[in-house]
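Enquirer: Could you have a look at this structure, given as structure tokens, before my questions?
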Amino acid sequence: MSDTDALNDVYKEIADLIGYDNAMILYTYFKGQQITFPVKLFKPERIQDIIKKRYDGTNAKELARTYGYSERWIKELIRKG
């Protein structure tokens with residue numbers, strides 16, 4: 001039996017995803033805390049600048065997929081300038 005097999009389920013999932021050593025780093029840093037991950041990875045007020053720079057007039061769908069926003073939101077952002 002490996003150390004990974006002895007982990008509680010959530011830590012085993014994390015270790016399987018990012019590796020045992022990285023899971024131990026997360027455990028050491030956050031143990032005892034409840035962590036909630038927002039659905040959106042990027043802050044809307046920051047991602048706006050990135051999208052405006054990367055928009056080429058044809059890639060709204062790709063940007064929406066990449067950053068987790070709707071194509072409509074991307075187009076509205078561009079329209080507002």
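Enquirer: Residues being of a type in the set (Gly, Ala, Ser) and not in a helix (DSSP H, G or I): count how many of those fall in the stretch 44-75.
Expert: Counting residues in the stretch 44-75 that are of a type in the set (Gly, Ala, Ser) and not in a helix (DSSP H, G or I) gives 3.
Enquirer: Considering only residues that are modelled with pLDDT of 90 or more and out of contact with any helix residue (DSSP H, G or I) (no Cβ under 7 Å at 6 or more places or on another chain), look in the stretch 53-68 and name the one that is least open to solvent (accessible area, probe 1.4 Å).
Expert: Restricting to residues being modelled with pLDDT of 90 or more and out of contact with any helix residue (DSSP H, G or I) (no Cβ under 7 Å at 6 or more places or on another chain), the top hit is Asn59.
Enquirer: Another question, if that's okay. Just for the stretch 29-52: of the residues that are under 19 Å from the mean Cα position of the chain (by Cα) and more than 30 Å from Tyr11 (Cβ to Cβ), which one is most open to solvent (accessible area, probe 1.4 Å)?
Expert: It comes out as Arg46.
Enquirer: Among the residues of the stretch 70-81 satisfying the criterion of being modelled with pLDDT under 90 and of a type outside the set (D, E, K, R), which is nearest to Lys40 (Cα to Cα)?
Expert: Looking at the filtered set, the residue picked out is Leu77.
Enquirer: Has the stretch 17-31 got any residue that is outside any helix (DSSP H, G or I) and either at pLDDT below 90 or touching a strand residue (DSSP E or B) at 6+ places or on another chain (Cβ under 7 Å) (or both)?
Expert: So the first thing to find is which residues in the stretch 17-31 are outside any helix (DSSP H, G or I), and the list is 19, 31.
Right, trim to either at pLDDT below 90 or touching a strand residue (DSSP E or B) at 6+ places or on another chain (Cβ under 7 Å) (or both) and you get none.
No - not one qualifying residue is present in the stretch 17-31.
Enquirer: Another question, if that's okay. May I ask you to list pairs of residues, at least six apart or on different chains, whose Cβ atoms are under 6 Å apart, with the first in the stretch 46-74 being touching a residue at least 12 places away in the same chain (Cβ under 8 Å) and the second being surrounded by fewer than 12 Cβ atoms within 10 Å (Cβ to Cβ)?
Expert: Sorted first by the residue in the stretch 46-74, then by its partner, the pairs are Gly68/Lys40.
The values are calculated or read from the model by the stated rules, or taken from the named source; none is laboratory data. All values derive from a computational prediction rather than experimental measurement. All Cβ positions, glycine included, derive from the backbone under ideal geometry; neighbour counts span all protein chains shown. When the accessible area is computed, the model is the full protein with side chains, heavy atoms only, and any ligands, DNA or RNA have been set aside. Shrake-Rupley method; radii C 1.70, N 1.55, O 1.52, S 1.80 Å.
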